[in-house]
Amino acid sequence: MTASDTHRAIDAVWRIESAKIVGALTRMVRDIGLAEELAQDALVAALEQWPEAGVPGNPGAWLMTTAKRRAIDRIRRDRTLARKQEELGREPPVEEPGHEPDEVDDDVLRLMFTACHPVLSTEARVALTLRLLGGLTTDEIARAYLVAEPTVAQRIVRAKRTLAKANVPFEVPSGDELAPRLSSVLEVVYLIFNEGYSATAGDDWMRPGLCEDAMRLGRILAALAPAEAEVHGLLALMEIQASRARARSGPDGEPILLLEQNRALWDRLLIGRGLRALARAEELGGGPYTVQAAIAACHARAARPEDTDWVRISALYETLAQLMPSPVVELNRAVALSMAFGPEAGLALVDQLADEPSMRQYHLLPSVRGDLLAKLDRRPEARAEFERAAALTRNTRERELLLNRAKDCGSLPD
C-alpha cells in the first residue's frame, strides 16, 4: 500500500471512528476540548506510524486504544490524580475497546447531545457537530459553508469554552429536558442536510458531501434512539429527498426543478429506506419531520409528475401548519394548493404573505409568486417577480435559473 493509499485509509477510518473515540475520551476526562485534542494526538500517531508499519487489522480499535492511553497519561499528570484514578478504575480495559459496543454507542449519543446543546449558537452547534461527529477538518467545514477557515476554527474553540464554562454534563438528557434537547439535535442535523441539498450561497446548487454527513448522523441517531418518532421522521425525510440528487442538476450543474426531473434517475434504494423509516415514525406517532417526510413520500410514490396526489399534499401542509406555524410552511402550502386547485388558489395565499417581515428578503416568495403569475399568463408581472427573486438569492446557479425564467416571460413593456 502506498503512502497516499494509507492516508486515504486513515481518513476513511477517522470519519467512521472519530465520534466514538471523542465520546469515550470525553467520558474519561470530562472535557470535550481536551477529549478532541487527545483524539487528534491518536490521529497524528496513525499518520506517523501506519505508512511504515501498515494499517492495523482493527484500525478503529488501534485509534481508540492509542487515544485512551494518552488520556491515561494526561490524567496521571493531573493534580487531582487520586480522584481521576478512581474514575479511571471504573473505565473498561483500554486494550479491548472493541468489546464495549453498548458503552461506545452511549458515548456517541451523549456526544450528539453535548455538541448540539442549546447554550451554543446555531452556527457553533453545526460546526462542532461536523467536527466531532462528522470527522470533518476545520478546512472542510469552512469550504462546505464558504466561510473563512479562521472563522470556523474560532467558532469551534468558543463552543468548547462555552460548554466548559456552562458545565454542560456529558449525558443524555431525561424527563422534561429530553424533548427540547432532542429537537436541537434534529435541527442541527437537518440544517446540515439542507445546506447540502440546496446551498444557500456559492456556485454549486448542491453539496452532496453535507447531505451524506447528515444522513450518516441521522442513521446513527435512529439506531441509538429507536423509540423516538421524530428521529425516524427526519431520517425518512432526508433519505427521500436525497433520492432525487442525481436528477436535480443537468450536465453543466444547472438546477432542474422537481416537476421537470427524470424520475428514472431517482434512487429507489434511498426511497425504500425512507419509506420504511416513515412507516416506523408514523407507527410511533411522529411530528413535523414525519409530516414533511409524508409529503416527500407523495412525490416519491408518483411515477410521473401528473400522478402526484396534490390534494393529499395540500392537506399534509395544512397539518404541518398546525404543528409548526410559519410563513415558509404557508408558502409551501400555497404551491400545493395551486397544483391541486389552480394557480388562483395559491396566489391568494401567497399575496397574504407579502407583508410578513420575515419574508421580505426570502427569495422563494417572489419566485413562487412569479411561477403562479406565469401560469395565469400575467407575464410582465411574473418577469418582475423572477428578477426580484434573482436579486435576493446568494446562490449563483439559482440566480441563473431565475433570470432564465424571467427571460422566458418576455420583455417588460416600455
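The values are calculated or read from the model by the stated rules, or taken from the named source; none is laboratory data. Not measured: the values here are computed from a predicted model. Note: ideal-geometry Cβ built from the backbone for every residue, glycine included; neighbour counts use all protein chains shown.
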The residue from LEU372, LEU376, LEU392, LEU412 that alone is closer than 24 Å to GLY196 by Cα and either among the hydrophobic types (A, V, I, L, M, F, W, C) or modelled with pLDDT of 95 or more (or both) is LEU392
Residue pairs qualifying under the 7 Å Cβ cut-off, at least six apart or on distinct chains, with the first in the range 138-155 being part of a helix (DSSP H, G or I) and the second being of a type in the set (S, T, N, Q), are GLU149/THR138; VAL152/THR138; ALA153/THR138
### Query
Does the range 287-304 contain at least one residue that is of a type in the set (S, T, N, Q) and under 27 Å from ASP377 (Cβ atoms)?
no
Taking the range 24-37 and keeping only residues that are farther than 15 Å from ARG69 by Cα and part of a helix (DSSP H, G or I), one is left with ILE32, GLY33
Over the range 212-238, the set of residues farther than 19 Å from MET324 by Cβ, out of contact with any Asp or Glu (no Cβ under 9 Å at 6 or more places or on another chain) and not basic (Lys, Arg) is GLU212, ASP213, LEU217, ALA225, PRO226, ALA227
Over the range 373-414, the set of residues surrounded by fewer than 13 Cβ atoms within 10 Å (Cβ to Cβ) and touching a Ser or Thr at 6+ places or on another chain (Cβ under 7 Å) is ARG394
Per the filter on the range 317-337, residues of a type in the set (A, V, I, L, M) and more than 21 Å from GLU230 (Cα to Cα) are LEU331, ALA334, VAL335, ALA336, LEU337
Might you let me know whether the range 374-396 holds any residue that is touching a residue at least 40 places away in the same chain (Cβ under 8 Å) and not basic (Lys, Arg)?
yes
* Within the range 333-349, can one find any residue that is of a type in the set (Ser, Thr, Tyr), modelled with pLDDT of 95 or more and surrounded by 14 or more Cβ atoms within 10 Å (Cβ to Cβ)? -> yes
